[in-house]
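Chemist: Quick one: the structure is below, questions incoming.
The values are calculated or read from the model by the stated rules, or taken from the named source; none is laboratory data. Keep in mind that this is a model prediction, so the values were computed, not measured. Quick reminder, even Gly has a Cβ in these numbers, built from the backbone with ideal geometry, and neighbours come from all protein chains shown.
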């Protein structure tokens, strides 16, 4: 994640995210998705927030909840949201 807590991932258009989890010994969460690899790719943008952490960067109509995962240390619970087009546009402005 960058300083603004946004992670860009290139995925085939129409990809459906199935699960986000942090595998053992992996420093980062992994995303599993159902994709059609014949489709062209597009950038999709995600941000994660810890349980109890305020989401004050975006309004609720600018983000879509994707999944929750527990970090490898077992102490941190993260909630991953996808930034919708309106949020991406405003961030780039």
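Chemist: Could you tell me whether any residue of the stretch 38-60 is on the phi < 0 side of the Ramachandran plot and part of a helix (DSSP H, G or I)?
Modeler: Looking only at the stretch 38-60, we keep the residues that are on the phi < 0 side of the Ramachandran plot, and these are 38-51, 53-60.
Still in the running and part of a helix (DSSP H, G or I): 60.
Among the residues of the stretch 38-60, at least one is on the phi < 0 side of the Ramachandran plot and part of a helix (DSSP H, G or I), which makes the answer yes.
Chemist: Ok, one more. Tally up the residues in the stretch 19-32 that are under 12 Å from the mean Cα position of the chain (by Cα) and touching a residue at least 12 places away in the same chain (Cβ under 8 Å), please.
Modeler: Adding up the residues that qualify gives 6.
Chemist: Select from the stretch 76-93 the residues that are more than 20 Å from residue 27 (Cβ to Cβ) and part of a loop (DSSP other than H, G, I, E, B) and write down the one among them that is modelled with the lowest pLDDT.
Modeler: Step one: of the stretch 76-93, the residues more than 20 Å from residue 27 (Cβ to Cβ) are 81-93.
Narrowing the set further to residues that are part of a loop (DSSP other than H, G, I, E, B) leaves 84, 93.
Working: 84: 89, 93: 49.
Out of the qualifying residues, it is 93.
Chemist: Could you tell me whether residue 73 is in a loop (DSSP other than H, G, I, E, B) and surrounded by fewer than 10 Cβ atoms within 10 Å (Cβ to Cβ)?
Modeler: So residue 73 passes the test.
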